[in-house]
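Read through the structure below, which is laid out as C-alpha cells, and then see the notes.
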Amino acid sequence: MSALLRQIPANIPQDIRKIRIENSHLTELPRGSFENVSALEYLWLNFNNITVMHIKSLEYLPALKELRLQGNKLSSVPWTAFQDTPALKILDVKHNRLDVLPEHALRYLPNLTYLDLSSNQLTVISRDVFYNWPVYQRSQRAEGQIEAISNAVLALHDNPWICDCRLRGFVQFIKSVGPPIILMNSYLTCSSPKFRAGKFFHEVELNSCMKPLTSALDTNLTVPVGLNVTLTCFVQASPSPAVWWTYALKLLRAFNVSTEPVGEETIRSELLIPAARPADAGNYTCTAANFLGNASVAITLRVGSPWASTTPPGWAPVAPAEPGAHVEVRIAKQTVYGITLEWFAVAAAAADPGETWYTLLVGRYDAAQKDAIYIGPGVNTYSVTDLLPATKYEVCVAVRNQAPRKGQCVVFVTGSDVSQLEQREKLIHIVVIVCAMVLAVPAGMYACTAEARPGCLARCPGACPRRRHGGQAQAAGSKESTLDSLPAGSEDGLCRPEGGRGARRPPAREEPGKTRPPHRNSADLY
C-alpha cells in the first residue's frame, strides 16, 4: 500500500495466490506482467495511475478469479485479454474513464458473477453487448427449467447516458432484465438530451433512429435593403443531428446561427443576416447529418433595390420610419480619383442625431442597383475613391432604412484622362511664370511690338492681368494697357518680328503727381 512502485516486481514467488498493490505509481500493465505467478487467484490494483493495459498482460493466469482495477485512468480495456483468464468471476473497473463497450466485450467472461462498470464515461452501448454474454445466454436457455444458474450482479449506474434512439435497445434490455442477472442499481438515469435529463430509464420511451429530414417554411424570400433577415429551417432526425449553414460553398460563422429543439425529434435552426445588402443575395443551404445520413434544404434570398419604398408583407423595418428625417448633401472636395462627401442631418425632434446611422449608396448613374455603405453615428464625411475615368456617377446619403429623398443625391462625372489634366496644370504654371517675368522687367527694355509674330504670347492675355496705374482707366488707344506694351524680359526680347529686329520704344513719360509703384520680383508675383 502506498509504495513507490512504478512497475510490477519481477521477483514475486511462484506460489503467491493474492497480490494487492494500491495507491502506488503504476501506470501500465505490460505484456507478461505476471508470467512467473501462474497460481495467482486474486489481483487488486486499485487507485493507481494505470492508463494502458496490454492485450497479453494477463497471460499465464488461468486460475485468476478476481481482478479489481478501481480508481485508475483506463479509457479502454483490451477485452480479448480475458481469454487467458477463463476462471474469472469478479471484474471491478468502476471509477475509470471507459467510454466505449464493444459488442464482444463480455464474450470471454463466461463464469463472471460480478461486473462493475459504474462511474465511467459510458454514454451509448448496444444491447448486443449483453446478448453476447454467455451468462445471459445460459439464463435464456434455462427459462422454465429446474436447472440452477448462479446469479450475476451488474453495476451500470452513474454513467452519463444519452437517452436517444441509439440507446433504445439497451433501455429495453434494462427494463426486461431479471434473475439470474441482477442490477446493483436499477434506477439508471438519463443525462441528455436536456428534455430527458434526470429521467429514469423506465420513464422514457425511445423511438427508432431516423435519417434527417429538412424543410423550410419559405424557400424564396425577397427583402428590402437594410433589413435584418432570419432564415429558418426545421430538421426531423433521431439521434439529434449536427446542423450547419453554407453560402457559396463556404461555411457560415457559427455566432450567426442558433439551433434549438422544438420537439423530441425536431429542431429549428436559424441564420441571422444583419442589414441585408445586394451582395447577400443568393442561395443559403441548411444541412443536417447524423450517423444514418444527411439532408439539406436551400433557401433563395433576393435583396430588393435600395430605392424601393415599399416593404413586403410580413417584414417590418429594423427601426420605425422617421418622417421628419432629412439629409443635406454637398461635395466637400473633388479629386481626379473621386469625391469627398459631407452631409448634415435635419432629423425629427424625437431622433437623436448622435445615434443615427446612415446608408451611403454609390454607383454608376444608370445602374439599377448601387453598392450600400453603412456609416455609424457621429460620422458626416466619406471619400469615394478608385472610380472609373470619364464616367457618370450618383451618390446618395439617406437615414438608415429609408429611401433617398430629393436633394440627398449628388451626380458627378469623373475626369477623362489624368495625364491631360497634369499637362494642363504644367502649362498653366509655365504661363504664370512667364507673365511674372514680363511684369518684373523694368521699363525701357525691348518689348514685343504690335507687329510681333501672331503666335507670340497668344495665351498671355487670358492668364496675365492687365496693369493698371492708380486704379484710373486708361484711354482705349493707350498701349500701356495691352501686352504689346510690356517690356521685354531680355535684350533679345521675348519674341522677334518677322524682319528679325526688335523695335525700341521710348521710355514712358511719368505723369506729374503720380507715385511709381514699388518694384516686385517674380517670386512675389508667383
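The values are calculated or read from the model by the stated rules, or taken from the named source; none is laboratory data. As the structure is a prediction and not an experimental result, all values here were calculated from the model. With ideal geometry, Cβ positions are generated from the backbone for all residues, glycine too; neighbour counts draw on all protein chains shown. Only protein heavy atoms, including side chains, enter the accessible area calculation; ligands, DNA and RNA are left aside. Shrake-Rupley method; radii C 1.70, N 1.55, O 1.52, S 1.80 Å.
Note that segment 18-203 presents 45 Å² accessible area per residue, ligands and nucleic acids not counted, probe 1.4 Å. Among the protein heavy atoms of segment 358-399, carbon and sulfur supply 49% of the accessible surface, probe 1.4 Å, non-protein parts ignored. Using alpha-carbon pairs under 8 Å, 6+ residues apart, how would you state the relative contact order of segment 210-304 in percent? Across segment 210-304, relative contact order equals 42 percent. Listed peptides 209-216, 113-120 appear in the order 113-120, 209-216 once ranked by packing, highest mean of other Cβ atoms within 10 Å at the front. Under 19 Å from a label point set 7 Å out along the Cα-to-Cβ vector of residue 242, the amide N atoms of segment 205-221 belong to 210-214. Backbone phi angles across segment 201-218, fed through the Karplus curve with coefficients 6.51, -1.76 and 1.60 (θ = phi - 60°), yield HN-Hα couplings of 4, 6, 9, 10, 10, 9, 8, 6, 5, 9, 5, x, 10, 10, 8, 9, 5, 9 Hz in residue order; Gly and Pro are listed as x. Taking amide H as placed 1.01 Å from N in the peptide plane, residue 182 has its amide H under 5 Å from the amide H of 152, 153, 154, each at least 5 places away in sequence or on another chain.
When the pairs 94/199; 18/94; 89/175; 65/199; 211/250 are compared against a 28 Å limit on Cα-Cα distance, 65/199 fall above it.
Shown here are the Rg and Dmax of the Cα trace of segment 200-301, at 15.2, 55 Å. Per residue, the accessible area of segment 210-304 comes to 50 Å² when a 1.4 Å probe rolls over the protein heavy atoms.
Across all directions, the average projected area of the convex hull around the alpha carbons of segment 57-174 is 7.4 nm².
Measuring nothing but protein heavy atoms, the accessible surface of segment 210-304 at 1.4 Å probe radius is 54 percent carbon and sulfur. For segment 225-231, 3J(HN,Hα) computed residue by residue from phi via the Karplus equation (6.51, -1.76, 1.60; θ = phi - 60°) reads 5, x, 8, 6, 10, 10, 8 Hz, glycine and proline entered as x.
Dipole of segment 210-304 computed with +1 at Lys/Arg Cβ and -1 at Asp/Glu Cβ about the Cα centre; of 292, 254, 235, farthest Cα towards the positive end is 254. Determine the share of segment 63-152's accessible area contributed by carbon and sulfur atoms, expressed in whole percent, with a 1.4 angstrom probe. The computed percentage sits at 44. Computed about the Cα centre, the dipole magnitude for segment 18-203 is approximately 360 debye when only Lys and Arg (+1) and Asp and Glu (-1) carry charge, each at its Cβ.
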